[in-house]
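The structure's right below; bear with me while I get my questions together.
Any read-out appearing in this document is the output of simple, stated calculations on the displayed coordinates, not a laboratory observation. Note that the structure is a prediction, hence the values are computed from the model and not measured. No Cβ is skipped: glycine too gets one built from the backbone with ideal geometry, and neighbour counts run over all protein chains shown.
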């Protein structure tokens with residue numbers, strides 16, 4: 001039963017307000033998913049882990065290549081970053097690429113999820129780094145500092161890129177599922 005009423009904007013607004021106050025209509029905000037492009041997603045706060053990973057991997061590579069091993073004032077930074085570069089980053093980025101959301105183990109809290117992700121990351125790094133060394137052993141480059149550093153840097157950056165792309169896709173997917181549930 002549609003009627004054509006001649007109302008100006010002010011009258012229409014007052015009529016809508018009155019209907020809301022009487023409880024006859026309910027206005028809700030549209031929950032359309034905001035699908036961010038990859039560029040927008042990379043600039044959002046959700047990608048902090050990606051940029052931190054790239055920064056640490058780059059800083060480690062720079063220290064390895066630019067600072068001699070016998071400079072004792074920077075040796076501790078080189079050791080600390082090297083340990084993170086070997087024992088953490090390859091596994092962390094691999095786990096992020098495999099599981100962009102929560103870790104695959106059901107946990108009772110968010111803190112437990114972080115502990116599971118840390119454990120998986122360290123374990124996966126301890127598996128990936130020897131595999132890289134084994135592969136390098138059968139190449140003409142051999143197992144030396146430069147090939148190992150460059151291989152682990154490439155591996156870390158590749159897994160981080162795959163992880164951020166999968167995380168963005170998972171975010172878009174969950175937004176569209178939440179919008180369809182409404």
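Just rank 78, 173, 117, fewest to most, by other beta-carbon atoms within 10 angstrom.
Fewest-to-most Cβ neighbours within 10 Å comes out as 173, 78, 117.
I would also like to ask the following. Order of 136, 38 from fewest to most other C-beta atoms within 10 Å?
38, 136
Let me ask something else. Just how far, in whole angstrom, is the stretch 73-102 from the stretch 133-182 if you go by their alpha carbon centroids?
About 12 Å separates the Cα centre of the stretch 133-182 from the one of the stretch 73-102.
Each label point is 7 Å from the Cα along the Cα-to-Cβ direction; what then is the distance between the points at residue 51 and residue 174, in nm?
So the label points at residue 51 and residue 174 sit 2.1 nm apart.
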